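What follows is calculated from the coordinates using simple rules that are stated; it is not laboratory data. Just so it is clear, the structure is predicted and the values come from calculations on it, not from any experiment. Neighbour counts run over all protein chains shown; Cβ positions are idealised from the backbone, glycine included.
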């Protein structure tokens, strides 16, 4: 088992080194003729009129919060799925199936609530 | 753990990473050629090295060199280390995901069972979801550090889409875990076996559709390509130029390749060939090789001849001689194979490692063929469907894919309970 994870670590190191290597190579090889004006952030050629960290629509925050809830749901369901197979073969899978329905419908209810309150609506 | 173990581990990692890296230009070539033929053009076919154009594949090398030598524009007042980190992280997240993907079936050589994969991870699916979702940080970093409100909003949009579709991806993967009883991609591929209708694409059709749709969105491909929108939309990478910009697109192509390999393992039986399981192939290895050898010889000769006869003076330089330079060696190789069949055939066909070699070659070819076929669906869809509007993208993810994923999970559990 140790050897298997050694291979994963080596792969992670190779991938990271390659990624950094390409970025560094580009920075070293690329030519440099930058007049002052070119370094102004892109706003269609005009002097920047907006602040970089201005306000942003609350929708993005809502999506982030909802994502957390449902991603944790997926994480919680993984051990459930592991247990379900074992107990289904022992004959008491029905209990776990009811647990799944209760858990998923609670979260489905949360989704319906968010939907009804308009958290999933975007202006066109 | 001795030096042998370490070198085997390093060899696995290097071979698989090299495979992914070398498939990136192939996929870009497939995309450009596919786009060209769908639009009734010829696509890239001019650049050459010593006359070798390789059907336009050399253009990808030329592109890489051009991008590397371009000037990098770094906007004033940005957080420099983070600007460099973002594209590197995007590339890292897309390529490191491959660690859990099997590229061949288990082969027994000299009493040992070997598989062409980095590691048979027990939690392979979780690893895939975890590492690939690091890409969200790359998008956010790129947009937020660029010091303009346009890229900032672009990053917000990209990250929102990314995390929304990740839920659907996780839900679809969960149903597969339920069916196969293992999170390891190798076990899931082995569980499907060589029977066509036992493949998860047929056992779990809804999960397959959800997974594919979510994968398109995760790789930000059309019809979900709002994060980048090549020429029309100002996205998170508006301040990026040169190779630093191209890194995001290399990451996108790596994402497609690794994602296609994951889909091949999860839904199309990985290395399994329909109705020919590994035991059958190993038992008949000698017969397969005995048939494949003359066929290979004849195909090489005919293909070489048909390439060589296309010789025509068109360009007036080395490129004219490319058909001959490629066709003649192919013909010679075919003839050599045919001649060698008589003296060497019996010796090679009766060697001990032949079953292992034949199973490995067929399994690896199956994985590669499935991966490239699925990847070509990405190309096909890109030139077929128009782009969604942003509110449609979010509605599709939250109001259709996520409830469908939940439903699929409950129905799968009910069916498993019913079947015992």
- [ ] Give, to the nearest whole percent, the P(r) tail of segment B:283-351 beyond 13 angstrom, counting all Cα pairs.
- [x] 67 percent
Open item on the list: Highest mean first, how do B:153-164, B:381-392, B:8-19, B:277-288 rank when packing is the count of other Cβ atoms within 10 Å averaged over residues?
Closed with: B:153-164, B:8-19, B:277-288, B:381-392
Open item on the list: Under 10 Å, Cα contacts only: if you run a Gaussian network model on chain B, which one of B:63, B:187, B:346 comes out with the highest mean-square fluctuation?
Closed with: B:346
Task: For chain B: relative contact order, % (alpha-carbon pairs under 8 angstrom, 6 or more apart) - done: 22 percent
Open item on the list: For a distance above 16 Å, tell me the whole-number percent of Cα pairs in segment B:1-103 that qualify.
Closed with: 73 percent
Open item on the list: Residues of segment B:9-34 with the amide nitrogen closer than 15 Å to a label point 7 Å from the Cα of residue B:68, along Cα-to-Cβ, please.
Closed with: B:22, B:25
Task: Residues residue A:25 and residue A:106, FRET efficiency given R0 of 45 Å [Cβ-Cβ distance, rounded to 0.05] - done: 0.30
Open item on the list: Could you sort the peptides B:33-40, A:8-15 by per-residue average Cβ neighbour count (10 Å cutoff), highest mean leading?
Closed with: A:8-15, B:33-40
Open item on the list: Which log10 I(q)/I(0) values does chain A give at q = 0.17, 0.19, 0.23 Å⁻¹ under the Debye formula, counting every alpha carbon as one identical point scatterer?
Closed with: -1.02, -1.06, -1.22
Task: Listed residues B:77, B:181, B:229, most fluctuating in chain B (Gaussian network, C-alpha, under 10 Å) - done: B:77
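How large is the convex hull of the C-alpha atoms of chain B per residue, in Å³?
Taking the convex hull of the Cα positions in chain B, it is 179 Å³ per residue.
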Task: Highest to lowest packing among B:78-89, B:328-339, scored as the average C-beta count within 10 Å - done: B:78-89, B:328-339
Open item on the list: Could you work out the percent of alpha carbon pairs in segment B:319-374 separated by over 18 Å, rounded to a whole number?
Closed with: 63 percent
Task: segment B:283-351, relative contact order in percent, only Cα pairs under 8 angstrom and at least six apart counted - done: 41 percent
TODO: For chain A, set up a Gaussian network in which alpha carbons nearer than 10 Å are linked by springs, and say which option among A:97, A:82, A:25 fluctuates the most.
DONE: A:25
TODO: Starting from the Cα of residue B:123, step 7 Å along the direction of its Cβ; do the same at residue B:348; then give the gap between the two resulting points in nm.
DONE: 4.6 nm
- [ ] Using only atoms on other chains, find how many Cβ atoms lie within 10 Å of each Cβ of peptide B:16-29 and report the average.
- [x] 1
Task: Relative compactness, the protein assembly as shown, computed as alpha-carbon Rg over 2.2 N^0.38 Å - done: 1.07
Task: Cα-based radius of gyration of segment B:299-338 once divided by 2.2 N^0.38 Å, which approximates compact folds - done: 1.20
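What is the average number of partner chain Cβ atoms found within 10 Å of a Cβ in B:147-160?
5
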TODO: Run the quick spin-label model on residue B:418 and residue A:121: label points 7 Å from Cα toward the beta carbon, then report their separation in nm to one decimal.
DONE: 3.8 nm
Task: FRET efficiency estimate (nearest 0.05) - Cβ-Cβ, residue B:383 to residue B:50, R0 35 angstrom - done: 0.60
Open item on the list: Quick check: residue separation of residue B:82 and residue B:280 times 0.36 nm, minus the Cα distance between them. What number comes out in nm?
Closed with: 65.9 nm
Task: chain A, relative contact order in percent, only Cα pairs under 8 angstrom and at least six apart counted - done: 17 percent
TODO: Return the calculated 222 nm mean residue ellipticity for chain B, to the nearest 500 deg cm²/dmol, obtained by summing -39500 (n - 2.57) across DSSP H runs with n ≥ 4 and dividing by the residue count.
DONE: -22500 deg cm²/dmol
Task: Cα gyration tensor shape for segment B:329-418, rounded if a/c is under 1.5, else prolate or oblate - done: oblate
Open item on the list: If you take each beta carbon of peptide B:311-318 and count the beta carbons of other chains within 10 angstrom, what is the mean?
Closed with: 0
